[in-house]
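The values are calculated or read from the model by the stated rules, or taken from the named source; none is laboratory data. All values derive from a computational prediction rather than experimental measurement. For neighbour counting, all protein chains shown are included, and Cβ atoms are generated from backbone atoms with ideal geometry for every residue, glycine included. Note: accessible area is taken over every heavy atom of the protein model, side chains too, but ligands, DNA and RNA are not part of it. Shrake-Rupley method; radii C 1.70, N 1.55, O 1.52, S 1.80 Å.
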Amino acid sequence: MSGNQLCCQRHEEMEVMEVAEEGRRQVEEQVEQLLAGQGSEVSGCDVGLDQSKPATLRKNVTYIVCGVIFNDKEEVLMVQEAKQDCYKLWYLPAGRVEVGESLGEALRREVKEEAGFDCEPITLLLIQEQGPQWIRFIFLARVTGGNIKSLPAADQESLQASWWDRQSVLPLRGRDILRLIDCGLKYHQDPWHPVTLPVDLSCRHVLQRLVLVFTSSDLDQIWILLVRAPGLHLPTAAAVKTHAVSWAANTVVQEAMPSAYHDHDVNTLGVFSLQHNGRQHGKTDGLCLNTLVALVPDRVQRNEDGEQVAFVPARKPPPVENPRYVWMEVRKPTLREKLLEKTKNTSILPLHSLY
């Protein structure tokens, strides 16, 4: 090989390395953006789109907003139901998102209609889901104006509102809200995840964008699973009606490394950020959950005969079998430390399946 040919080959190798590093840099920047609670435009869907229909409010998706609001005495705002099936029982201000509303607008409207107060959301506390067809968004919020609703103002939305000290007897519509109140009080006293509010970015389907990570057994290296084309990017999977929203991560792992799937747990640890617009009915009623997912080796390993074998700690992620995917080691020190910390403490917005 001549000197010129050798020089050209090295130049081409350098270009490949630079392209690889540029792709790595872009992915790391995007992950940092998501970690900061921001969003990122959804340009496509890698998995499950053929099993998913565009989200259409009141047709195949229902979003519920719920407000947890405290006063200076740490009493929680409650409303007395006017609906016939739960007449005179008490509940947190809550209701369905209407066509054309953002989640924040729906929360403000429900609190105003049911409790008489103007409010502002502080942060999402929790997202609960029963598949893409029913998702509830629980907000911690603060009163910014208005007056508490009294019995003379009773209407079809509610009979009245009141502050509850959580000690006195109050007939509740459902005990599920006790957990939400406790969650809100915990955050009110000592915030344990960053402020997370919906990002105004449109989406047609209910999607999950995955920051799917594998951590080395000595906890000093971390990898992110990526889709190769077009250009390195985080996998995006559509939620399907028959499964929990978080099942999307399992689908991606099954597609990327089927041999390793049954030897690992796929743990959706929480949500970095939530994207929703809702302005155009049937076109932007979807949402994107930017989630942290950990692929964790099952400590109980078995052979093909079902016999238990010794657990061997893994220093590297399981090999990818599908050429669509690739593992990328996180090399940026600050990002690596943040991700390692998040996987240990899961100090991000929780996503709970009610299946």
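Before moving on, here are some points about what is shown:
- Remark: pairs (first residue in segment 100-120, of a type in the set (Asp, Glu); second residue open to solvent by 60 Å² or more (accessible area, probe 1.4 Å); Cβ separation under 6 Å; 6+ apart in sequence or on different chains) = 118/144; 120/142; 120/144.
- Options 89, 49, 107, 103: the member that is modelled with pLDDT under 95 and either farther than 25 Å from residue 278 by Cβ or of a type outside the set (Lys, Arg) (or both): 49
- Residue list for segment 156-170, filter: buried (at least 16 other Cβ atoms within 10 Å of the Cβ) and in a loop (DSSP other than H, G, I, E, B): 157, 158, 159
- On the stretch given as segment 239-290, residues that are basic (Lys, Arg) and open to solvent by less than 10 Å² (accessible area, probe 1.4 Å) total 0.
- Qualifying positions in segment 207-238 - assigned to a loop (DSSP other than H, G, I, E, B) and either modelled with pLDDT under 90 or open to solvent by 10 Å² or more (accessible area, probe 1.4 Å) (or both): 217, 218, 219, 220, 221, 228, 229, 230, 231, 232
- Residue satisfying all of: in segment 96-150; under 16 Å from the mean Cα position of the chain (by Cα) and among the charged types (D, E, K, R); least open to solvent (accessible area, probe 1.4 Å) among these: 129
- Among the candidates 268, 251, 284, residue that is closer than 16 Å to residue 207 by Cβ and assigned to a loop (DSSP other than H, G, I, E, B): 284
- Filter result for residue 75 (open to solvent by 20 Å² or more (accessible area, probe 1.4 Å), modelled with pLDDT of 95 or more and touching a Phe, Trp or Tyr at 6+ places or on another chain (Cβ under 6 Å)): yes
- Boolean, residue 174 is under 23 Å from residue 42 (Cβ atoms), touching a residue at least 60 places away in the same chain (Cβ under 8 Å), among the small types (Gly, Ala, Ser) and touching a strand residue (DSSP E or B) at 6+ places or on another chain (Cβ under 9 Å): no
- Check on residue 131, within 22 Å of residue 353 (Cα to Cα) and either in a loop (DSSP other than H, G, I, E, B) or not acidic (Asp, Glu) (or both): yes
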